[in-house]
Amino acid sequence: MIKITTISLLLILTISSCTNFEKNEKTNSNLKLWYNQPAKKWTEALPIGNGRLGAMVFGGIKNERIQLNEESLWGGVQINNNNPGASKHLAEIQQLLLVGESSKARKLADKYLLGTPPRIRSYQTLGDLKLVFNNEYDSVSNYRRELDLSTGVTSVSYNCGGTSFSREMFASAVDNVIVIHLSSNKESQINVTVSLDRELDAVNKLISINTILMNGQIIDKDQPERGPFGKHMKFSSELKVLNDGGKLSSDNSNLIIEKANEVTLILTAATDYNIDILNFDRSIKPTEVCNKIIEKAVSNSYDNLKERHTANHSEIFNRVVLNLGNNSKIDLPTDERLDRVKNGDEDAELIELYFQYGRYLLMGSSRYPGVLPANLQGIWNQLIDAPWSSDYHTNINLQMNYWPAEVCNLPETVAPLTKYFTGLLIPGRVTAKEMYNSRGWTMHHVSDPFGRTGLMDGIGWGTSPLAGSWMSLTFWRHYQFTQDENYLREKAYPIMKEASQFILDFLIDDGKGRLVTVPSISPENMYINPLLKKNARITYAATIDIQIINELFDACIESATILGTDSELVSQMKKAMKMLPPVLIGKDGTIREWIEDYVEAEPGHRHMSHLFGLHPGTKITNDTPELFEAAKRTIEKRMASGGGHTGWSRAWIVNFYARLLDSEQAYQHLLALLRKSTLSNLFDSHPPFQIDGNFGGTAGIAEMLLQSHNNEIHILPAIPSEWQDGFIKGLKARGNFTVDIEWNEGELTKLKIKSGSGGICNIRYKNKTIQVKTAAGKHYTLNSNLDNNET
Ligand code: FUC
């Protein structure tokens, strides 16, 4: 039983005066990934990013490869890929599914629902910046490469022939460029040849004595299943080389620097993509865009560029500080520490680093000056045709990318996602109308920057017309955390409202008085159809759909109330909710994945969509004890059958166990994420590399320390015994509260809450809950008994 007490604001505190909060919060050394050797493979290289430009730095001694990305460099073009036969055949497909004829329905759906064309094109690499150092390399010593998460600077240093060389690189959001600085401790030692290289569709030329310009246009191949071929996205990259001392010359389009004291390279890139029309726009001249950015950047000294970058990066990054104890392993290189963990060791500080790395990666792949959200690889991709096209997958992956955004105090990373989805309403409305004869907007499980919203990748994978509704909840969450009513009115609610209108029109009566979604899948799992004794994916009213609708309608109703609008829509939603099928528990005590108690064809499947209500949804909690228990059994069954084998799937399990308040299981799965699904540069491995697991893992760690989905701020809800002493500063909770927590011997010792917007704050620690009436801008300090003091 939880005891609720409303307490006065000025209780006397008995807290020790010198706590961990005030102590030195560790040096930056635990915010560094570092290695004793250059990267041999791309997944050993270190990422930098400013939300728009990304790079993977290998740190080679003689040959440095810096693989480059620009967020909008995608193959493809805007097209309507809605199957023209959809609305005519929808009713027939629906009726077949309602009577269990999934094979017949599937045949029709393949013909009349699947998008035309059914696949998208890929996010592409921009190419490589290559540095070839023309020194003698007989005796290299003291090599080190590192990435400092708190400054966003990656560096390489080594001694060679009696000289110390160093290289620093960063992607500046303030100046919109990638900067590389080469220096040594002696004069006239830098000898380097610089080139830009792209395997396809680009040419390089020197446009001045020290400037290389790459110009290109993607020529999409003749692959009819992916869309029209031909000359599509235009792009440019400009690189200016500034040498201090020595000689600068050229050879074709390469720049040769000899005997310089220092060299600064400044690079940018641009395409003619226009987010406002979700297409390329020939009025944008990428070369001119690059030119303007470079001319502005070069008016700064290197030190100035670095200072501006570091100040901007650190202001955002340093909002959250995590300390899970000290284990003195920070003197070992990151790959060795990871190997030790893979061999059974535990390393709390590596978990800290992994947590902060997720925050770093989200900043690097989703913020201004970028306009597009973090894709399956964030912003980092070395291929012309990436795994799963490095696309926007919306049946778990894109959602997971943004799980850490709010709680980990990075609300600005949601801006590109909001912008993109605001644009997606336009093609999404066409898909709602043309495929489902519905109002509002919809999409399916995949999209690209051109806003494809038809059904893709096959009926079995792609039949997720509620994917957009799930995505809409990300914007509601942004409001819940920030309490930004203007954002709710202008951005979130329009997306949520039209997603709800789509659902209202899409729902049909199943003949038994229930409103159901048809067609539907439980991504991407198969059930055994009892009528046909065959595996099938499409059906009606998969559990996740019902859970999404309940979550979205509740959010919409609350929003409409806050905004004082749409009373008619609110009553329609209320009425519809009463007619939805309930979420049921199956014979084996698990949550039913489908509306019938079907047998799963693959009981260890990586998706666990029927647990949406537990996480990221908010409806399965301690307050629904039967479903809570069933949720536990659902994961146990998945695990017993080999579940969690992809990085993102494992990360989701960490979040599930945190929500189930099972600290030890959450911790074990976090270890498994590091042991089985983490590469030596700490990228998540699906396999291959896919970034969602990084973001899901970071969110999971936050979820173990703080939860705020159930109308209360739950402190240390799933803290494992392995994290005996520690603190976290700067996490956010719904209601716009900033929370600092400190604990010793596994017990809360001090809690500080800053109220950003005022309002009631229910605070729970273990079985005690108190209610504090807060005022905006005030701080509340509480001790282990939740006794409270306002300052
Ligand atoms: C979903 C997952 C796959 C992969 C792909 C990008 O389809 O089922 O495992 O993550 O997205």
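Which FRET efficiency, nearest 0.05, do Asn36 and Leu563 yield, Cβ-Cβ r, R0 45 Å?
0.20
Using just the C-alpha positions of the chain as equal point scatterers, what log10 of I(q)/I(0) does the Debye formula give at each q in 0.09 1/Å?
So the normalised log intensities are -0.86.
Let's see if you can work this out: charge +1 on each Lys and Arg Cβ, -1 on each Asp and Glu Cβ, no other charges. What is the dipole magnitude of the chain about its Cα centre, in debye to the nearest 20?
Dipole size: approximately 1140 debye.
Could you run the Karplus curve 6.51 cos²θ - 1.76 cosθ + 1.60 with θ = phi - 60° over segment 380-395 and give me ³J(HN,Hα) per residue in whole Hz, x for Gly and Pro?
9, 8, 9, 10, 7, 10, 8, x, 6, 6, 6, 8, 9, 9, 10, 10
If packing is taken as the average number of other Cβ atoms within 10 Å across a peptide's residues, how do 780-786, 417-423, 88-94 rank, most packed first?
The peptides rank, most packed first, as 417-423, 780-786, 88-94.
For segment 567-701, state the average projected area of the convex hull of the C-alpha atoms over all orientations, rounded to one decimal in nm².
9.8 nm²
Which Rg and Dmax, in Å, describe the Cα atoms of segment 273-359?
Here Rg and the maximum Cα pair distance are 21.0, 57 Å.
Name the lysines eligible as straight-distance cross-link partners of Lys342: C-alpha to C-alpha under 22 Å, and not fewer than 8 places from it in the same chain.
Hits, sequence-local ones excluded: Lys32, Lys40, Lys41, Lys329, Lys676.
With a Cα-only, solvent-free Debye model of segment 33-115, what are the log10 I(q)/I(0) values at q = 0.15, 0.21 Å⁻¹?
With no solvent term, the Cα-only Debye profile gives -0.66, -0.95.
Keeping every protein chain present and rolling a 1.4 Å probe, give me the accessible area per residue for segment 392-459 in Å².
Result: 19 Å² of accessible area for each residue.
Excluding Ser72 itself, what net charge comes from residues whose Cβ is under 14 Å from its Cβ, given Lys and Arg +1 and Asp and Glu -1?
Value of the local net charge: -3.
How much net charge surrounds Asn381 when only the other residues with a Cβ under 12 Å from the Cβ of Asn381 are counted, with Lys and Arg +1 and Asp and Glu -1?
-4
Once the convex hull of the C-alpha atoms of segment 123-224 is built, how many Å³ does it hold per residue, rounded to a whole number?
175 Å³
Please give the contour-minus-distance gain from Asn142 to Leu661: 0.36 nm per residue of separation, less the Cα-Cα distance, rounded to one decimal in nm.
Gain in length upon complete extension: 182.2 nm.
Need one word for segment 634-678: rounded, prolate or oblate. Basis is the Cα gyration tensor (sqrt eigenvalues a ≥ b ≥ c); a/c below 1.5 gives rounded, then a/b vs b/c decides.
oblate
Can you list the residues, at least 5 places off or on another chain, whose amide H is less than 5 Å from the amide H of Asn279, using H built in the peptide plane?
Answer set, sorted by chain and number: Asn274.
Using θ = phi - 60° and the Karplus form 6.51 cos²θ - 1.76 cosθ + 1.60, what ³J(HN,Hα) does each residue of segment 169-174 get, whole Hz, x for Gly and Pro?
Coupling constants for segment 169-174: 9, 7, 10, 8, 6, 5 Hz.
For a test of the definition: using alpha carbon positions, the gyration tensor, and the 1.5 limit on a/c, classify segment 205-337 as rounded, prolate or oblate.
oblate
For segment 383-446, what value does the Rg/Rh ratio take when both radii are computed over Cα atoms and Rh is the Kirkwood radius, given to two decimals?
1.05
Collect residues whose amide H, placed 1.01 Å from N in the peptide plane, falls under 5 Å from the amide H of Asn762; neighbours closer than 5 in sequence don't count.
Long-range HN contacts for Asn762: Ile713, Val772.
Beyond 14 Å, what share of the Cα-Cα pairs of segment 526-579 is found? Please give it as a whole percent.
Here the tail beyond 14 Å accounts for 62 percent of pairs.
Step by step: find N for segment 373-420, compute 2.2 N^0.38 Å, then divide the Cα radius of gyration by it. What's the final number?
Here the Cα radius of gyration is 1.20 times the empirical estimate.
Kindly report the accessible area of segment 220-331 per residue (heavy atoms of protein chains, probe 1.4 Å, no ligands, DNA or RNA), in Å².
Here the per-residue accessible area is 47 Å².
Roll a 1.4 angstrom probe over the protein heavy atoms and tell me the percent of accessible area of the chain that is carbon or sulfur.
Exposed carbon and sulfur together represent 50 percent of the surface.
What number of lysine-lysine pairs in segment 568-632 show an alpha-carbon separation below 26 angstrom, given a sequence spacing of 8 or more or placement on distinct chains?
Value for segment 568-632: 7.
Show Ser447, Ser155 ordered by accessible area, largest first, where the area counts protein heavy atoms only and the probe is 1.4 Å.
Ser155, Ser447
How much mean residue ellipticity at 222 nm does the chain get from its helices, if each DSSP H run of length 4 or more adds -39500 (n - 2.57) and you divide by all residues, to the nearest 500 deg cm²/dmol?
It lands at -9500 deg cm²/dmol.
If you add up the charges near Ser520, with Lys and Arg at +1 and Asp and Glu at -1, over every other residue whose beta carbon is less than 11 angstrom from its beta carbon, what do you get?
Here the charged neighbours net out to 0.
In whole Å, how far is the Cα centre of segment 46-119 from that of segment 341-377?
Result: 24 Å between the Cα centres.
Can you give the relative contact order of the chain as a percent, counting alpha carbon pairs under 8 Å and 6+ residues apart?
Relative CO of the chain lands at 14 percent.
Return the whole-Å distance between the Cα centroid of segment 240-254 and the Cα centroid of segment 597-623.
59 Å
Over the Cα atoms of segment 742-787, what radius of gyration and what Dmax do you get, in Å?
According to the Cα coordinates of segment 742-787, Rg and Dmax are 11.0, 33 Å.
Out of residues 5 or more away from Asn529 or on other chains, whose amide H comes under 5 Å of its own, with H placed 1.01 Å from N in the peptide plane?
Lys534, Asn535, Ala536
Taking loop as defined by DSSP and a crowding limit of 10 other beta carbons within 10 Å, which trypsin sites (Lys or Arg not before Pro) in segment 583-680 fit?
Sparse-neighbourhood loop trypsin sites (Lys or Arg not before Pro): Lys587.
Tell me, what is the percent relative contact order of segment 470-614, built from C-alpha pairs under 8 Å that lie six or more residues apart?
Taking the mean separation of contacting Cα pairs over the length of segment 470-614, I get 26 percent.
Once the Cα gyration tensor of segment 69-146 is diagonalised, what are the square roots of 5 times its eigenvalues, in whole Å and ordered largest first, as equivalent ellipsoid semi-axes?
Over the Cα atoms of segment 69-146, the semi-axes work out to 55, 17, 9 Å.
Rounded, prolate or oblate: which fits segment 379-514 when a ≥ b ≥ c are the square roots of the eigenvalues of the alpha-carbon gyration tensor, with rounded for a/c under 1.5 and prolate only if a/b beats b/c?
oblate
Could you provide, to the nearest whole Å², the per residue accessible area of segment 664-791 with probe 1.4 Å?
Heavy-atom SASA per residue in segment 664-791 reads 29 Å².
Report, to one decimal in Å, the Kirkwood hydrodynamic radius for segment 671-747 based on all distinct Cα pairs.
It works out to 13.9 Å.
Using a basic spin-label model with each label point 7 Å from the Cα along Cα→Cβ, how many nm lie between Ile426 and Arg489?
Inter-label distance under the simple model: 2.5 nm.
Excluding same-chain residues fewer than 8 positions from Lys221, which aspartates and glutamates have a Cα within less than 13 Å of its Cα?
Hits, sequence-local ones excluded: Asp201, Asp385.
Please report the relative contact order for segment 466-548, taking Cα pairs under 8 Å with a sequence separation of at least 6, and give it as a percent rounded to a whole number.
Value for segment 466-548: 24 percent.
Looking at the calculated P(r) for segment 685-791, what percent of the C-alpha pair distances fall above 23 Å?
The share of Cα pairs beyond 23 Å in segment 685-791 comes to 28 percent.
Ranked highest first by average number of other Cβ atoms within 10 Å, how do 345-355, 478-488 line up?
Result, highest mean first: 345-355, 478-488.
The values are calculated or read from the model by the stated rules, or taken from the named source; none is laboratory data. Note that this is a predicted model, so its numbers are computed, not measured. As a convention, Cβ positions derive from the backbone with ideal geometry for all residues, glycine included, and neighbour counts pool all protein chains shown. SASA here: full protein model, heavy atoms, side chains in, ligands and nucleic acids out. Shrake-Rupley method; radii C 1.70, N 1.55, O 1.52, S 1.80 Å.
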